[in-house]
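These notes are about the structure you will find just below.
Please treat every number below as a calculation from the coordinates, not as lab data. Just so it is clear, the structure is predicted and the values come from calculations on it, not from any experiment. All Cβ positions, glycine included, derive from the backbone under ideal geometry; neighbour counts span all protein chains shown.
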Amino acid sequence: MQGKVYRYRGAPDDLLAVWNGLGLGDSVRWFGWSEARICLPNPISGALPDEPWERLSLFNAQAELRLLARGGKPTLLLLTETLEPPHDAWEPCGAYDAEERIHILLGDPPKSARGETTQLAEVAFPVAFDYGIPLAPSRDATRKVVANTRYYYDTERRLRYIRYAGIHTKEF
C-alpha cells in the first residue's frame, strides 16, 4: 500500500479543529509528550490538555495528524494511506511504501489484578500504563493490548515514519 505525507501550510493553532476539518469522524485517539508530561494513546474526552507539546498526535484507522514542535515554528503533518486532504492548505511531502505492523503495548495483567483492568504498573519504571482498554488476566497469558501501525519507507527502504492506526486487544 502507499502512504502519503502532507504538511499543513496554515498556523496549527487548534489541532482538534484541523482534525474535524478533515472530516475524519469521532472515533479518534490521541497521545502526546513534552519535557514535563507523557500521555499514552487514549480516546479524546473533551479538549486536549493545554501543554507545550513536543509531539501531539491524533489518529484513527484513516490517518494520523501529527504536531511537531521541537524548536522553531511548529509543523503539522498528515499521514494517510487513503485520505486526500479537502483543500489546498495541505502541501504534499512525499509518497512512501506503507506496511502494516502490530506493536504489543501491554501483556496480560498479573493474576493479582483479580479481574479486568485498564492499567499495568511497571515497578522498574514507576508508572502505570493505561491505554483505556480493559484487559483481564487469562489462563495462558495470551491476551495483549496492541497498536496497529503503518511503517512508511522511502524508495531506498529507509524507515521514515511510523503511523498509529488503532489500538485494541488481540489474542495470541
Next on the checklist: Give me the base-10 log of I(q)/I(0) for the chain at each q in 0.11, 0.12, 0.15 Å⁻¹, Debye formula, one uniform scatterer per Cα, rounded to two decimals.
Outcome noted: -0.52, -0.61, -0.91
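Could you line up 156, 100, 64 from fewest to most neighbouring Cβ atoms inside 10 Å? Please report the intermediate quantities before stating the final value.
Working: 156 5, 100 11, 64 22.
Fewest-to-most Cβ neighbours within 10 Å comes out as 156, 100, 64.
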Item to check | Length gained when the stretch residue 155-residue 62 is fully extended (0.36 nm per residue, less Cα-Cα span) | outcome: 31.2 nm
Checklist entry - Stretch residue 70-residue 20 to full length: gain in nm at 0.36 nm per residue minus the Cα-Cα span? => result 15.6 nm
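Fewest to most neighbouring Cβ within 10 Å: what's the order for 57, 27, 45?
45, 27, 57
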Item to check | Residues 83, 65 arranged by fewest to most Cβ contacts within 10 Å | outcome: 83, 65
